[in-house]
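The values are calculated or read from the model by the stated rules, or taken from the named source; none is laboratory data. For clarity, every value in this text was computed on a predicted model and none was experimentally measured. Every residue, glycine among them, receives a Cβ derived from its backbone with ideal geometry; neighbour counts consider all protein chains shown.
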Amino acid sequence: MPVKHSTKIIPLFGPVYLDQYYGLSGVSSLQELTSQLMVPAFIIISLGVFFYLVIGGYKFLTSGGDKNAVESARRMITHALIAGLLIIFIFLIIKLLPEILGTPSLNIIP
């Protein structure tokens, strides 16, 4: 007697019911899951960049004229500002790309 294998076919296009197959209550699609995770991810990353900037500013203020400490603090501040700009650009790309491409159904960030 042949053994029957249980396979779940998930369509490539169309709705994917995550709550039915994977036990994620309240999340009915992959788009909804990413939408719920994007905003907290951006908040956590932004807070990390902010604290990195504050630590760099503190190191700059407490360097006491030491050239190595000033240079290290300046690099921290520069890296934090670059990371902040990257976060803003990534947010804008994710937010505006579906509108530019004409696919508002792919909007990830509410």
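Sort out which residues of segment 70-95 are over 21 Å from the mean Cα position of the chain (by Cα) and either surrounded by 14 or more Cβ atoms within 10 Å (Cβ to Cβ) or touching a residue at least 60 places away in the same chain (Cβ under 8 Å) (or both), and write them in order of number.
Within segment 70-95, VAL70, SER72, ALA73, ARG74, MET76, ILE77 qualify.
Of the residues that sit in segment 69-96 and are touching a helix residue (DSSP H, G or I) at 6+ places or on another chain (Cβ under 8 Å) and over 18 Å from GLY56 (Cβ atoms), which one is modelled with the lowest pLDDT?
Of everything passing the filter in segment 69-96, ILE94 is modelled with the lowest pLDDT.
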